[in-house]
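Just below is one structure, and these are the notes that go with it.
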Amino acid sequence: MDGKIVLAPGDVLLPFNTYVQAPVEFTIEQGFITDIRGGLDAELLSSYIKSFRRPARLRDVARRLGAGRRAHWHGLTQFGGGMGMELRSFYGNVMFSIGPNNELGGPNDTPCHFDIPMRATRSTWTTS
């Protein structure tokens, strides 16, 4: 998969349990993140990914649509810690995931993993 993913303010960075503060643009080439641009959020994500010393690859199921009508996007405002399950499932989000898929027989065994629920009304995901 090739393309760009642009996070918008309010999307959720689950490796950090924070909300995106300024746009972050990922460039994806052959399924790998090759560039991350933006402000502090982009720098933190880039540093996090590089700390694993292995390329960060999109999961085979990189896009999922949130369908939890009782789950809330504002979950971090009430529950700052935890696994972020409510944020992964709030209605209408699109999940951007990086991480291993070898548990199900896939070839990607990277230890780097993160999920970013994107509010579909503001974020963009383009493929080429």
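General observations
- Take residue 91: with every protein chain present and a 1.4 Å probe, its accessible area is about 120 Å².
- Mean Cβ neighbour count within 10 Å, used as a protection proxy, ranking 8-16, 28-36 highest first: 8-16, 28-36
- Heavy-atom SASA rank of 97, 47 (probe 1.4 Å, accessible area, largest first): 47, 97
- Reduced Cα scattering model of segment 16-57, Debye log10 I(q)/I(0), q = 0.17, 0.19 Å⁻¹: -0.46, -0.56
- Spin-label model, residue 8/residue 51: points 7 Å from Cα along the beta carbon direction are separated by 2.9 nm.
- For the pair residue 35 and residue 113, label points projected 7 Å from Cα toward Cβ lie 3.0 nm apart.
- Between amide H atoms placed 1.01 Å from N, distances below 5 Å from residue 17 occur with no residue 5 or more places distant or on a separate chain.
The values are calculated or read from the model by the stated rules, or taken from the named source; none is laboratory data. Keep in mind that what you see is a predicted model, and the values were worked out from it rather than measured. Positions of Cβ are backbone-derived with ideal geometry, glycine not excepted, and every protein chain shown enters the neighbour counts. We work out accessible area using only protein heavy atoms, side chains counted, and drop any ligands, DNA or RNA first. Shrake-Rupley method; radii C 1.70, N 1.55, O 1.52, S 1.80 Å.
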